[in-house]
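Report on the following structure.
The values are calculated or read from the model by the stated rules, or taken from the named source; none is laboratory data. It should be emphasised that the depicted structure is a prediction, and the values quoted were computed from it without experimental measurement. Using ideal geometry, Cβ is built from the backbone for each residue, glycine included, and neighbour counts are taken over all protein chains shown. Note: accessible area is taken over every heavy atom of the protein model, side chains too, but ligands, DNA and RNA are not part of it. Shrake-Rupley method; radii C 1.70, N 1.55, O 1.52, S 1.80 Å.
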Amino acid sequence: MQNYDDFRIEPFILRNKSFYVKRDELLDPLLSGNKYWKLYALIQTPKERYKQLVSYGGTQSNAMLSMAALCHDKGWDFHYTSKPVPAYLKEQPSGNLSKALDLGMVLHEVGHDDYADCVQHLREDRDTESLFVPQGGADPMAQTGIEQLAGEIKQWQQAQHIKRLNIVTPSGTGTTAYYLAQALPECHILTTAVVGDKAYLREQMEMLGELPENLTILEGSKKYHFAKPYVELLDMYHDLLDAGIAFDLIYGAVMWKVLLQHHNMMEDTVLYIHSGGLLGNASMLDRYKHQRML
Ligand SMILES: *Cc1c(COP(=O)(O)O)cnc(C)c1O
């Protein structure tokens, strides 16, 4: 077997089926997977350009941790607004939250009723030295980095003489899948809605522009609630691990389950883009243990 170290693309066999995986989870421990590409334009931005970054969202979010790491590197203040943190998490911050706080993130908790207004203010009240990044990094700013990712895929595809390529990656906001589809019109981009349902994902993507024709939102036979423990997802995670690669329990496990359900209908080569998020697994595995599923 040959490895393609430049772009971290390797063959991967799962349940006797052949895939390729782009190992972008290996890019950096904190700023990894698709968050690396979504924040790529900011990674390239000189420190002097901003003093602070402002964002909001969930307190175990991978995007939050990536932004905290970026701000730590740049010496920017990082202000993050969330809904109230659950008491158990506050007493003993774990996973992404504890790492982000260690990296200097300033957390602002806002009551449920005031949250929407507060986010609106954050969006509007910026000066030139303060940058606002929407939840999950769902921003046109992500396009530059995703185009870079697309360039790597294209070069690999040409070197391998692969005529028709399916590219698979899970969606939260859909930003990654959307810009990938735009940048690679001759490839077929397959994703699934992990956060809400298909209609919600479509809405999120339409905020970025018209839906590209080469983008398909796959659905599985079962719908999982976001970030909740399920025995099937834990089994999927272990199967993937046994096959040689760790994926995240929230997005990766769901995407692989859906992908395997549709795989028989796919004739062309499948390339899975690893979207990172492995540091979130520790707190998810704790929850599985807590619920005695592990
Ligand atoms: C953020 C994230 C996603 C979703 O990316 P979007 O661009 O918001 O669709 C998928 N997988 C992992 C592991 C993530 O952290």
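ALA199 falls short on exactly one of the conditions (1) within 14 Å of the ligand (Cβ to nearest atom); (2) part of a helix (DSSP H, G or I), and that condition is (1). Collect the residues in segment 29-84 that are under 21 Å from THR144 (Cα atoms) and among the hydroxyl-bearing types (Ser, Thr, Tyr), keeping them in residue-number order. Selection gives SER32, TYR36, TYR40, THR45, TYR50, SER55, SER66.
Candidates MET284, MET236, MET205: the one that is buried (at least 21 other Cβ atoms within 10 Å of the Cβ), farther than 25 Å from GLY145 by Cβ and under 17 Å from the mean Cα position of the chain (by Cα) is MET284. Considering only residues in segment 180-196 that are open to solvent by less than 10 Å² (accessible area, probe 1.4 Å) and of a type outside the set (A, V, I, L, M), the one that is farthest from LEU260 (Cα to Cα) turns out to be CYS187. Note on segment 1-111: enclosed strands (runs of 3 or more DSSP E) holding 1 or more residues that are within 21 Å of the chain's Cα centre (by Cα) and in the same structural domain as LEU180 (by TED's automatic domain parsing) are 9-14, 17-22.
Among the residues of segment 117-147, those identified as under 14 Å from TYR80 (Cβ atoms) and assigned to a loop (DSSP other than H, G, I, E, B) are VAL133, PRO134.
Residues in segment 244-266 that are in contact with a Lys or Arg (Cβ under 8 Å, 6 or more places away or on another chain) and away from the ligand (no atom under 16 Å from the Cβ) were compared, and the one that is farthest from LEU294 (Cα to Cα) is HIS263. Checking each residue in segment 148-177 for being buried (at least 21 other Cβ atoms within 10 Å of the Cβ) and assigned to a loop (DSSP other than H, G, I, E, B) picks out THR169, PRO170, GLY172, THR173, GLY174. Considering every residue within segment 42-50, establish whether at least one is surrounded by fewer than 20 Cβ atoms within 10 Å (Cβ to Cβ) and basic (Lys, Arg). Yes - at least one qualifying residue is present in segment 42-50.
The residue list GLY104, GLY75 contains one member that is within 16 Å of LYS47 (Cα to Cα), open to solvent by 40 Å² or more (accessible area, probe 1.4 Å), touching a residue at least 12 places away in the same chain (Cβ under 8 Å) and among the small types (Gly, Ala, Ser), which is GLY75. For segment 81-96, a residue qualifies if it is under 26 Å from SER32 (Cα atoms), at pLDDT 95 or above and of a type outside the set (S, T, N, Q), and exactly one does: LYS83.
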